[in-house]
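*Asks:* Sharing a structure below in structure tokens format, with a few things to ask.
The values are calculated or read from the model by the stated rules, or taken from the named source; none is laboratory data. Treat the numbers as computed from the prediction; the structure is a model and nothing was measured. Ideal geometry is used to build each Cβ from the backbone, glycine not excepted, and the neighbour counts take in all protein chains shown. Accessible surface is based on the protein model in full, side chains and every heavy atom, while ligands, DNA and RNA are left aside. Shrake-Rupley method; radii C 1.70, N 1.55, O 1.52, S 1.80 Å.
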Protein chains: 2
Amino acid sequence: MIETELIDMQRASQLLKLLGDKTRLTMMKLLQSHECCVCEFVEIFNMSQPAISQHLRKLKDIELVKEQRKGQWIFYSINKGHEDYPLIQSILGHLPEQKDSIAELEAQGLRICCK
Amino acid sequence: MIETELIDMQRASQLLKLLGDKTRLTMMKLLQSHECCVCEFVEIFNMSQPAISQHLRKLKDIELVKEQRKGQWIFYSINKGHEDYPLIQSILGHLPEQKDSIAELEAQGLRICCK
DNA sequence: TTATCATATAATGATATACTTATATATACA
DNA sequence: TGTATATATAAGTATATCATTATATGATAA
């Protein structure tokens, strides 16, 4: 078998449980190709700001995502250095791109750009 | 990108939620290499028979596993024909083999064999 | 400063989840 | 038959989860 990092069952199931929520799973897929800030997610998922914040908190707690403040916004990005990132990546690879939601954001002029 | 079946986000998250339980995830990993019957799982997980039965029910409901009666026992096996099996397989590939639990069963003479 | 915008946290409530115990069903065997 | 064994289902309960509303924090801009 090709060399693959094996993951403790306890940690694997915890990780899958976190991804087993449509909102968080979609967030991860989106973050794989775009950094996003909280207010963008609020638009995309049409969900309250605290709800989004709490989902991101869970992803951050196990370090699946990183945050970086840029002015008044906080941008989230995927943590590609995570020990379990190979697993994450192979899961996300089976999911459809979420281009539409980003495109829609841009069409509405709601995409946040920080230079 | 290599041709990969893409999975609807709704179904993917539902699937990951089911795997996001240590017992069910371990069951799937075990089933990948061995058929098992309910009473074996009861021993392996040291859990009540109804609890095991209910976990298997959930896996069966979305057709991740198949059941086959052999005499008084009902054996469960992984459904390799499942539309999402490629995803399942890549997840399970990141998990450690569960040889010990089967070996322990055999040592205790609790492994069920049906000829 | 003070007001505003973006985000986080706290408290709460509804629903989902994973057990438990009790009971039903189905096969095997004496 | 009748009893034992394997499994499934039902009902109940404790806890977890995911949303909501209200409030706090922190940065920017007037």
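*Asks:* How do A:Met28, B:Met47 stack up against each other in accessible area, from largest to smallest, with a 1.4 angstrom probe? Intermediate values should be presented prior to the final figure.
*Replies:* On the way: A:Met28 0, B:Met47 60 Å².
So, going from the largest accessible area down, we get B:Met47, A:Met28.
*Asks:* Sticking with this one: Interface size between chain B and chain A, please: total buried accessible area, 1.4 Å probe, rounded to the nearest 100 Å².
*Replies:* Values: alone 7460 and 7480 Å², together 12610 Å².
Answer for the B-A pair: about 2300 Å² buried.
*Asks:* Calculate for chain A the 222 nm mean residue ellipticity that helices alone would give, adding -39,500 (n - 2.57) per DSSP H run of length 4 or more and normalising by residue count, nearest 500 deg cm²/dmol.
*Replies:* Numbers: 6 runs with 61 residues, N = 115.
Helix-only estimate at 222 nm: -15500 deg cm²/dmol.
*Asks:* Would the range B:64-115 count as rounded, prolate or oblate if I go by the C-alpha gyration tensor, calling it rounded below 1.5 in a/c and otherwise prolate when a/b exceeds b/c, oblate otherwise? It would help to have the intermediate numbers written out before the result.
*Replies:* Values: a/c = 4.57, a/b = 1.32, b/c = 3.47.
Cα axes put the range B:64-115 in the oblate bin.
*Asks:* For chain A, what's the relative contact order in percent, using C-alpha pairs closer than 8 Å and at least 6 residues apart?
*Replies:* Working: 89 pairs, mean separation 33.1, N = 115.
Normalised by residue count, the contact order of chain A is 29 percent.
*Asks:* Taking 30 Å as R0, compute the FRET efficiency from the Cβ-Cβ separation of B:Val38 and B:Asp8 and round it to 0.05.
*Replies:* 0.45
*Asks:* Distances from A:Gln54 to the same residue in each other copy, label points 7 Å out along Cα→Cβ, in nm, shortest first?
*Replies:* In nanometres, ordered from closest: 2.4.
*Asks:* Follow-up. Could you give, in nm with one decimal, how far A:Trp73 is from each other copy of that position, shortest first, with labels 7 Å out from Cα toward Cβ?
*Replies:* Ordered by increasing distance: 5.9 nm.
*Asks:* For the range B:27-115, evaluate the Debye formula with one uniform point scatterer on each Cα (no solvent term) and list log10 I(q)/I(0) at q = 0.16 Å⁻¹, rounded to two decimals.
*Replies:* Normalising to I(0) and taking log10 leaves -0.64.
*Asks:* Another question, then. If you scale each eigenvalue of the Cα gyration tensor by 5 and take the root, what three semi-axes come out for the protein assembly as shown, rounded to whole angstrom and sorted largest first?
*Replies:* Semi-axis lengths for the protein assembly as shown are 39, 17, 15 Å.
*Asks:* Using a 1.4 angstrom probe, figure out how much accessible area the range B:1-68 has per residue, in square angstrom, rounded to the nearest whole.
*Replies:* On the way: 3530 Å² over 68 residues.
With all protein chains present, the range B:1-68 gives 52 Å² per residue.
*Asks:* Given the C-alpha centroids of the range B:39-115 and the range A:42-61, what is the distance between them in whole angstrom?
*Replies:* When both Cα centres are located, 36 Å separates them.
*Asks:* To continue, here is another question. Roughly how many debye, to the nearest 20, is the charge dipole of the protein assembly as shown about its Cα centre, given +1 on each Lys and Arg Cβ, -1 on each Asp and Glu Cβ, and no other charges? Don't skip to the answer; put the middle values down first.
*Replies:* Values: 30 positive and 32 negative charges, 94 e Å.
With only Lys, Arg, Asp and Glu charged at Cβ, the dipole is about 460 debye.
*Asks:* Now a separate question. When all protein chains stay in place, what accessible area (Å², nearest 10, 1.4 Å probe) is found for B:Arg11?
*Replies:* Roll a 1.4 Å probe over it and B:Arg11 shows about 80 Å².
*Asks:* Accessible area of A:Glu67, 1.4 Å probe, to the nearest 10 Å²?
*Replies:* My reading of the accessible area for A:Glu67 is about 90 Å².
*Asks:* Leaving ligands, DNA and RNA out of it, report the carbon-plus-sulfur percent of the accessible area of chain B at a 1.4 Å probe. Intermediate values should be presented prior to the final figure.
*Replies:* On the way: 2930 of 6300 Å².
On chain B, the fraction of accessible area on carbon and sulfur atoms equals 47 percent.
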